[in-house]
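Below: one structure, written as structure tokens.
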Amino acid sequence: MSTDETPRTLVAIAHPDPGSLTHHVAERLSTALRPGAVEIADLHQEGFDPRFTPADRRAYHEGGGHPPDVVREQQRLDRATDLVLVFPVYWWSVPALLKGWIDRVFVNGWAFEYSAAAGVLPKLQRLTTHLLPVAGADAGAYERHGYETALRTQLTHGLIDYVGSRRGATAFVHDSEQPSAGATKAGVDRAVRTLAAAVGAPVSRS
């Protein structure tokens with residue numbers, strides 16, 4: 001984490017189209033946060049390779065020697081107090097690009113330590129992780145079919161809790177493909193306000 005006391009936020013975006021609603025939401029959020037305290041990780045534009053390679057596997061088992069692109073992402077996260085994942089919902093989950101980023105970056109030896117004797121020791125207690133999914137379906141569909149619960153389980157329990165990160169805010173932008181620009185704007189406004197307030201609020205260290 002950064003050596004000064006200024007909260008720093010890493011906004012990770014997983015969408016190939018810079019003109020997409022996902023990018024728009026991320027830009028709105030970045031503007032709403034503290035000036036100079038936001039770093040953007042545009043995974044597609046930067047060409048991050050999501051494929052878990054034999055080199056990744058060796059590093060995972062050995063607990064070190066990670067590929068340079070993975071080390072670069074870990075250093076970004078080391079500078080951050082908050083992480084915001086901004087992504088479109090694909091098949092009730094995250095895009096392959098974001099899943100690969102998680103697979104390769106949040107690994108044994110950095111995000112957690114595993115041993116047969118002690119089990120899992122989380123290592124990212126310094127980080128607060130927030131979720132900003134952009135969903136095509138309405139909120140009612142997500143509730144009826146359990147999609148929101150499933151997505152929260154994958155990311156909140158499966159990732160955030162596992163590595164010891166604090167749980168931040170989750171704010172869905174629903175109905176992202178509706179024809180009403182006004183309704184979409186209202187959803188974006190709500191999500192941005194929620195995330196900006198959560199990132200800007202003091203976090204208990206207890």
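Read-outs throughout are calculated quantities, based only on the coordinates presented, and are distinct from any laboratory measurement. Because the structure is predicted, anything quoted here is derived from the model rather than measured. Every residue, glycine as well, gets a Cβ built from its backbone with ideal geometry; the counts of neighbours run over all protein chains shown.
Structure notes:
- Dipole magnitude for the chain: about 420 debye, using +1 per Lys or Arg Cβ and -1 per Asp or Glu Cβ, origin at the Cα centre.
- Note on the chain: Rg/Rh from C-alpha atoms, Kirkwood Rh, equals 0.96.
- Across segment 9-200, C-alpha contacts under 8 Å between residues 6 or more apart give a mean separation that, scaled by the residue count, equals a relative contact order of 24 percent.
- Of the residues Ser115, Pro16, Ala96, the one whose Cα sits farthest toward the positive end of the charge dipole of the chain, with +1 on the Cβ of Lys and Arg and -1 on the Cβ of Asp and Glu, is Ser115.
- With a simple spin-label model that places each label point 7 Å from the Cα along the Cα-to-Cβ direction, the separation between Phe52 and Ser115 comes to 2.4 nm.
- A protection proxy built from the mean count of other Cβ atoms within 10 Å ranks the segments 118-126, 154-162, most packed first, as 154-162, 118-126.
- Working from label points 7 Å from Cα in the Cα-to-Cβ sense, the Ala183 to Thr31 distance is 2.4 nm.
- Mean Kyte hydropathy of -1.0 or more with a Cα span along the axis of at least 18 Å, helices from DSSP in the chain: 181-200
- Rounded to the nearest 20 debye, the dipole magnitude of segment 24-132 is 160 debye, with +1 charges on Lys and Arg beta carbons, -1 on Asp and Glu beta carbons, and the Cα centre as origin.
- For the peptides 72-80, 102-110, residues were scored by their other Cβ atoms within 10 Å and the scores averaged per peptide; the highest-first order is 102-110, 72-80.
- Ranking of Thr128, Thr149, Thr194 by count of other Cβ atoms within 10 Å, fewest first: Thr149, Thr194, Thr128
- For the chain, calculated [θ]222 nm from helices alone, where every DSSP H run of n ≥ 4 adds -39500 (n - 2.57): -11000 deg cm²/dmol
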